[in-house]
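FYI, it's all coordinate maths here, none of it is from the lab. If you're wondering where the values come from, they're calculated on a predicted model, not measured in any experiment. Because the Cβ atoms are built from the backbone with ideal geometry, glycine has one as well, and the counts that use them run over all protein chains shown.
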Amino acid sequence: MTITSISSLKGTQMSGLASEKTEKDDYTIKKVIGQGSSATVYLVQDQRNLHHYAMKVIDKSKLDSIKGSKISSNTEEVKQPEAFENRQVETERGLLTTLNHPFIIRMKSTFETPEKIHFIMEFLNGGRLFYHLRREGKFTE
């Protein structure tokens with residue numbers, strides 16, 4: 001897989017999922033459905049078709065906070081490359097836009113503002129799979 005720069009995310013749509021450009025104003029935030037160290041996931045409603053989606057909003061400043069941090073190896077400390085903080089976001093975007101599997105959420109579109117990166121993805125109601133697996137122990141299917 002080729003990793004592209006974060007700037008290439010602007011206005012990206014998935015074939016078969018969206019035919020027009022999207023931007024933040026196209027969506028109304030309904031509630032927070034998840035929180036992480038550098039991103040928040042919202043339940044949003046598309047104002048054009050009234051469908052619900054999950055919008056993952058990644059704060060670029062939190063990604064930049066790891067820039068230049070050091071990792072230790074067996075022999076010496078190695079400074080991480082400048083692009084390290086973007087690699088994880090680019091990999092996630094690449095996988096979600098490429099994979100087509102019934103058990104993997106599909107990406108509708110991506111766009112960015114100067115401060116944030118937005119992923120618009122399918123919204124699947126029901127909570128985290130790990131929660132249900134832990135509660136049930138195992139699934140019969």
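Applying 1/(1 + (r/R0)^6) with r as the Cβ-Cβ distance of I29 and K62 and R0 = 25 angstrom yields a FRET efficiency of 0.85.
Gain on full extension, evaluated as 0.36 nm per residue between N49 and I105 minus their Cα-Cα distance, stands at 18.2 nm. Among the listed pairs K24/K60; K31/K56; K31/K116; K108/K138, a Cα-Cα separation exceeding 21 Å is found for K108/K138.
Looking at region 93-137, the GluC sites (Glu not before Pro) that sit in a DSSP loop and have at most 10 other Cβ atoms within 10 Å of their own Cβ are E115.
Shown in residue order for region 27-44 are the 3J(HN,Hα) couplings computed by the Karplus curve 6.51 cos²θ - 1.76 cosθ + 1.60 at θ = phi - 60°: 10, 10, 6, 9, 6, 7, 10, x, 9, x, 5, 10, 8, 10, 10, 10, 7, 10 Hz (x for Gly and Pro).
Once the Cβ-Cβ distance of R87 and T140 is raised to the sixth power relative to R0 = 35 Å, the FRET efficiency obtained is 0.35.
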